[in-house]
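The values are calculated or read from the model by the stated rules, or taken from the named source; none is laboratory data. Keep in mind it's a predicted model, so treat the numbers as computed, not measured. The accessibility values were calculated without ligands, DNA or RNA, using every heavy atom of the protein model including side chains. Shrake-Rupley method; radii C 1.70, N 1.55, O 1.52, S 1.80 Å.
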Amino acid sequence: MSSKPQALTSIGPMRAFAANSKKIATELIEINESLLEFNKFLTEYYKQLADTWNIAQKKVNQKVPEVPQDVEQIEAFKRIWIDIFDNDFTELFDSEKFGDNYGKLISKELQLTKHWTNISNVVLQSANLPSKEEIDEAYKELHALKKRVTKLEIELKKRENKK
């Protein structure tokens, strides 16, 4: 059988994987589409940050053109820099344009995570292994049982101490 590679897809986990390969291909196509959108929003995010930084730095340079010479001038320069950057970035973060882009960026990131989860679940299912959700559910149940056993042990010790 091993001399016939095409026969490998008709046995065991490879058969299940071959049957699910269409699901994986579909997810990969959707991941690429989501990744393009994600990169567009990520580029806009960094563009907004860089533009705000440049504008704020120009304001600082106009307000304090000479290089500070003593400690007082350095402290004054720091206060001016902090005030201008604080105001400009607060204005950016409060803007509707920034919020809209950031929301779309996070949404696309969650979509990418969902696609990767779907692919990993298909692969795990093909190998007849539990998914992350199934393992998490088993851990929750084990935790609940552990708490229950601990509670019962405490009650048992209380009863034994009363005797």
Handout entry: Note, ³J(HN,Hα) from phi for the stretch 120-134, Karplus 6.51, -1.76, 1.60, rounded to Hz, x at Gly and Pro
Key = 5, 5, 5, 5, 5, 4, 5, 8, 6, 10, x, 7, 4, 4, 5
Handout entry: Heavy-atom SASA rank of VAL71, VAL149 (probe 1.4 Å, accessible area, largest first)
Key = VAL71, VAL149
Exercise for the section: Could you order LYS147, LYS47 so the one with the most accessible surface comes first? Probe is 1.4 Å. Expected result: LYS147, LYS47
Practice task
Please say if the stretch 59-138 is rounded, prolate or oblate, where rounded means a/c under 1.5 for a ≥ b ≥ c the square roots of the C-alpha gyration tensor eigenvalues, and otherwise the choice is prolate for a/b larger than b/c and oblate otherwise?
Solution key: prolate
Fill in the blank from the handout: Highest GNM mean-square fluctuation among ARG79, ARG15, ARG148, for the chain with Cα springs under 10 Å, belongs to ARG148
Handout entry: Binned Cα-Cα distance frequencies in the stretch 113-154 - 5 Å width, integer %
Key = 5, 22, 17, 17, 11, 9, 8, 7, 4, 0
Completion exercise
In whole µm²/s, the translational diffusion coefficient that Stokes-Einstein assigns to the stretch 12-163, given a Kirkwood hydrodynamic radius over C-alpha pairs, 20 °C and 1.002 mPa s, equals 99 µm²/s
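Would you rank ILE84, ILE135 by solvent-accessible area, highest first, keeping every protein chain in place and using a 1.4 Å probe? Spell out each step's value before the answer.
Numbers: ILE84 25, ILE135 70 Å².
These residues rank, largest area first, as ILE135, ILE84.
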Exercise for the section: With a ≥ b ≥ c taken as the square roots of the eigenvalues of the C-alpha gyration tensor of the stretch 12-66, please select rounded if a/c is under 1.5 and otherwise prolate if a/b is larger than b/c or oblate if it is not? Expected result: prolate
Handout entry: Heavy atoms of GLU134 accessible to a 1.4 Å probe, total area in Å² rounded to 10
Key = 100 Å²
Handout entry: Residue-normalised accessible area of the stretch 68-129, expressed per residue, 1.4 Å probe, Å²
Key = 70 Å²
Practice task
Could you tell me what percent of the accessible area of the stretch 54-163 is made up of carbon and sulfur, with a 1.4 Å probe and every protein chain present?
Solution key: 56 percent
Exercise for the section: For the chain, set up a Gaussian network in which alpha carbons nearer than 10 Å are linked by springs, and say which option among GLU96, GLU72, GLU153 fluctuates the most. Expected result: GLU153
